[in-house]
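Read the structure below first, then the notes.
Values quoted throughout were computed directly from the atomic coordinates according to the rules given, and no laboratory measurement underlies them. Predicted model, so just to flag it, every value in this text is computed and none were measured. Using ideal geometry, Cβ is built from the backbone for each residue, glycine included, and neighbour counts are taken over all protein chains shown.
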Amino acid sequence: MTADARPPSAAQTVGLGAVGLALFVGIWLALTLSGIVPRQFLPTPIDVLTRTFELLAHPFAGATLPVHVLSSFERYAYGFLLAAAIGVPLGLLMGRFSWLNDIVTPVFDGLRFIAPIAWVPFAALWFGTGIGGPIMIIFSGAFPPCLINAYRGARFVDRNYIEAAQMLGTRNMRTILEVLLPASFPSIIAGLRVGAGIGWQSLVGAELIVASAGVGYMMVQGQSNISTPTVVAGMIAIGIVGLLIDVLLRRLETHVRRRRGLA
Amino acid sequence: MSAIVFESVHRQFERDGKSFPALDNVTLTVADKEFVALVGPSGCGKTTCLRMAAGFEAPSSGRVLVGGVPVTGPGPDRAVVFQQFALFPWKSVEDNIAFGLRNRKVPADERRERIAGAIRLMGLEGYETAFPHQLSGGMQQRVAIARAYVLDPQALLMDEPFGALDAQTRVVMQEELVRLARVNPRTVLFITHAVEEAVYLADRVAIMTRRPGRIKEVIDVRSIRAAEAWDRHERVEDVMDLESFVHLRTHIWRSLREEKVGGER
């Protein structure tokens, strides 16, 4: 038997992916329809699909599924953008000025291993059920990767670029904006991708304390109503939106790398 | 007036709490509009000399002056051409060349004119909007030279600028640099380990000892070049065939070889 050394074609890749998905759904179907797993523990794929279509048109927990997704995304966007807006510049400056790094690092390292969901009590205490709580939780998830990658990008920047800027008579501010920032961009965008992912994952936790709308809120309501199909529909929505966010950022990353001749 | 002066420059390096001498009493003068090549065995500190003139490093004792002023840090009066080009990969050819001028208050009209001039000088017409990664190594180094020339610096500091190029491209760039030196003479400190390159390009060649580096010998190529009329020959290989060239090259080779053999013990 000889090993097939050729990489699979695009059609093959898609085909194999479809096989994986079909297997997953098939096993799920078999387990639930046969009664091996009782339906109250795990809904069938058919129940979930039916419920998802219902939720698209009919409100549950105050809104339809698309509206829940939108209101989740709004909170998420604020939290993530805030994390990027603070984390990236701070990380860059920490990479450029070691004294700033020395000031920030102990506090940052002390806080960054605390899971976003651990902030829920304080988020509730400080912000109640307002939008501030979820933003704070998403922020706490998205912030560390944004900062760390910007820092690493700036800290390990090719010295040649900085020296070239210096010998061209470039001031500090312009060096940071026009040399350090673009030179660190591949690293920064990798950090944004990770941060975006963790931020989105923190969403359900963030919405445990929200009283009005959002996918997480919808799922919690589904749980109280013992509607497992609603919970799974929420999980699917989270998965799809998360994937879309990642695809978008990956595109941006590829675009930047291609312009640099790195890809 | 002398453009670049090294005045009893010493340099120590610290490692593991111990101090190592890297440069030992380097004294060298590059006159205005003179092209001096600095050759020496690897690790002798020739690049350190250039980095001191650029202001990236400071001497442990002694002084480095450019245009009569002690060097305290990097600046556009001393443009550097790096071995690894160090072009900004996110900027086009034109924007790379413009980068230094935009740090000064050069009026837009004049800036455009000077950039166009530098592009013409280095034969980069048609590549203005290209990005560095789309160019060959030789073309990238042309952009880096244009970026330095456009500043009209007091001194050009070239750190093995052709070291990363293949042999053919290297020859073309050497001819190009000789042409530039005729059209637009500049004060140049040129670091290389290629003896032929040094003899072909320089007015004077300074030979350094192995570490800790000292100036061992300075050879005046200019008078021989003029006496033997090297400039009649367009091509590098024709000049390199001349008896006077071979003689000089061999002399420098032997001088360097003593350093290497001594270094290996």
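Here is how the numbers come out for the structure above:
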quantity: Highest-fluctuation residue, A:17, A:234, A:79 considered, GNM on chain A with Cα pairs under 10 Å; calculated: A:17
quantity: Electrostatic dipole magnitude of the range A:201-263 [Cβ: Lys, Arg +1; Asp, Glu -1; Cα centre; debye, to 20]; calculated: 600 debye
quantity: Estimated inter-spin distance, residue B:183 and residue B:60, nm [label 7 Å along Cα→Cβ]; calculated: 4.4 nm
quantity: Between the range B:14-88 and the range A:48-101, the alpha-carbon center distance in angstrom; calculated: 52 Å
quantity: Contact order normalised by residue count of chain A, Cα under 8 Å, 6+ apart, percent; calculated: 23 percent
quantity: Segment residue A:10-residue A:70, length gained on full extension (0.36 nm per residue, minus Cα span); calculated: 18.3 nm
quantity: Chain B: relative contact order as a whole-number percent, Cα under 8 Å and 6+ apart; calculated: 26 percent
quantity: Distance-filtered residues of the range B:164-196 - backbone nitrogen under 12 Å, label point 7 angstrom along residue B:240 Cα→Cβ; calculated: B:167-175, B:194-196
quantity: Lys, Arg +1 and Asp, Glu -1 on Cβ, resulting dipole of the protein assembly as shown about Cα centre, debye, nearest 20; calculated: 560 debye
quantity: Residue A:36-residue A:104 FRET efficiency (beta carbon distance; Förster radius 51 Å; 0.05 resolution); calculated: 0.45
quantity: Expected-Rg normalisation [2.2 N^0.38 Å, Cα atoms] applied to the range B:78-152; calculated: 0.98
quantity: Selected from B:198, A:183, A:222, residue furthest toward positive end of dipole (the protein assembly as shown; charges at beta carbon); calculated: A:222
quantity: The range B:111-170-the range A:205-254 distance, computed between alpha-carbon centres (Å); calculated: 53 Å
quantity: Residues residue A:53 and residue B:247, FRET efficiency given R0 of 60 Å [Cβ-Cβ distance, rounded to 0.05]; calculated: 0.05
quantity: Computed Kirkwood radius, in angstrom, where 1/r is averaged over Cα pairs of the protein assembly as shown; calculated: 28.1 Å
quantity: Spatially proximal lysines relative to residue B:216 (Cα-Cα < 16 Å; intrachain offsets below 8 disregarded); calculated: B:46, B:260
quantity: Choice from A:134, A:116, A:106 with maximal GNM fluctuation in chain A (Cα, 10 Å cutoff); calculated: A:106
quantity: Theoretical gain in end-to-end length, residue A:246 to residue A:171 [0.36 nm per residue, Cα-Cα removed]; calculated: 23.4 nm
quantity: C-alpha long axis of helix A:10-33 to longest principal axis of chain A, angle in °; calculated: 40 degrees
quantity: Positive-end residue, the range B:1-127 charge dipole about Cα centroid, Cβ charges, pick of B:53, B:13, B:107; calculated: B:107
quantity: Per-residue [θ]222 nm for the protein assembly as shown (sum of -39500 (n - 2.57) over DSSP H runs n ≥ 4, rounded to 500); calculated: -18000 deg cm²/dmol
quantity: Computed E for residue B:257/residue B:120 - FRET, C-beta separation, R0 41 angstrom, nearest 0.05; calculated: 0.45
quantity: Magnitude of the charge dipole, the range B:116-188, Cβ model with Lys/Arg +1 and Asp/Glu -1, debye to 20; calculated: 180 debye
quantity: Label-to-label distance, nm, for residues given as residue A:22 and residue B:129 (7 Å Cα→Cβ offset); calculated: 4.8 nm
quantity: For the range B:204-265, convex hull of alpha carbons as volume per residue, Å³; calculated: 83 Å³
quantity: Estimated distance in nm for a label pair at residue A:131 and residue B:232, the labels positioned 7 Å out from Cα along Cα-to-Cβ; calculated: 8.4 nm
quantity: Using alpha-carbon coordinates, inclination of helix A:98-111 to the longest axis of chain A, degrees; calculated: 20 degrees
